[in-house]
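Here's the structure we're looking at; comments come further down.
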Amino acid sequence: MSLSIEDFGGRLASVWSELRPATRGLVEHALQNSPPAPARSVPYDARADHELSRLLAALDERAREADNLETEKGNQLRHIADTCAAVLQEKTRSAEVFTQLVRRADKQRNYKRIDALADALARFAPSEVCELARSPEVVVRALSSEALAQLPTSVLIGLLSDPVDAEIARDALRRQADDYGSEEARQIVGALDQMNLNSDDL
């Protein structure tokens, strides 16, 4: 970078300084590789997720004030923010971070990135996708509902025993039956509906 993080203000410099070296290295490596090199297969790091999420929030907040910056600084700041978002998109498995990224892409009308985020849901745990399906954000709900409908029926059946996720799983099974013609899902939904009818008769 021709400019350092410290050039963009104290709050951003403070967030940057609080990153662990490994997390900082993820951003620096991505900035040095444009387009970013494919990620190495490394274990998911929830703490790095949180740190990068905080950094992205600080970058975006500073970018909103970019009118007060020189053109070069403003462009550099937005580039760093986009790079940080790309790193998160590549690695995150957090519902909270996913929501942050979708909200950001939607605000930018970056539909290509929204499509890429939808694909990223394939690596999320089913419980995280269910959490996203309860989001107040319309786009997040739509993406997660579609992802759930693409899960193996057996995975959705496993979620039916979870009191938190059961209703979401049932909706996904109904979509598999109605929209995708899954006979297995249709049978499960029919059995669940029959159980509800029987319980109502008691």
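The values are calculated or read from the model by the stated rules, or taken from the named source; none is laboratory data. All values derive from a computational prediction rather than experimental measurement. All Cβ positions, even for glycine, are placed from backbone atoms using ideal geometry, and neighbour counts span all protein chains on display.
ARG93 satisfies every condition listed in (1) at pLDDT 85 or above; (2) out of contact with any Gly (no Cβ under 8 Å at 6 or more places or on another chain); (3) in a helix (DSSP H, G or I) except (3).
Do we find a residue being among the hydrophobic types (A, V, I, L, M, F, W, C), outside any helix (DSSP H, G or I) and more than 26 Å from LEU101 (Cα to Cα) anywhere in the stretch 156-176? Yes: the stretch 156-176 contains one or more residues that are among the hydrophobic types (A, V, I, L, M, F, W, C), outside any helix (DSSP H, G or I) and more than 26 Å from LEU101 (Cα to Cα). Restricting attention to the stretch 153-193, the residues that are surrounded by 15 or more Cβ atoms within 10 Å (Cβ to Cβ) and of a type in the set (Ser, Thr, Tyr) total 2. On the stretch given as the stretch 106-153, residues that are in contact with a Lys or Arg (Cβ under 6 Å, 6 or more places away or on another chain) and β-branched (Val, Ile, Thr) total 0.
Applying a threshold of 6 Å to beta carbon distances and a minimum spacing of six or more residues, or different chains, the list of pairs starting in the stretch 42-55 at a residue that is surrounded by 14 or more Cβ atoms within 10 Å (Cβ to Cβ) and ending at one that is outside any helix (DSSP H, G or I) reads ASP49/THR92; ASP49/SER94; GLU51/LEU19. Checked against (1) free of Cβ contacts under 8 Å to residues at least 40 places away in the same chain; (2) buried (at least 19 other Cβ atoms within 10 Å of the Cβ); (3) of a type in the set (Lys, Arg), LYS91 passes all but a single condition, namely (1).
Yes/no matrix, rows are residues, columns are (1) of a type in the set (D, E, K, R); (2) touching a residue at least 12 places away in the same chain (Cβ under 8 Å):
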{"residue": "PRO152", "(1), (2)": "no, no"}
{"residue": "VAL164", "(1), (2)": "no, yes"}
{"residue": "ILE168", "(1), (2)": "no, yes"}
{"residue": "GLU184", "(1), (2)": "yes, yes"}
{"residue": "GLN187", "(1), (2)": "no, no"}
{"residue": "ALA191", "(1), (2)": "no, no"}
{"residue": "GLN194", "(1), (2)": "no, no"}
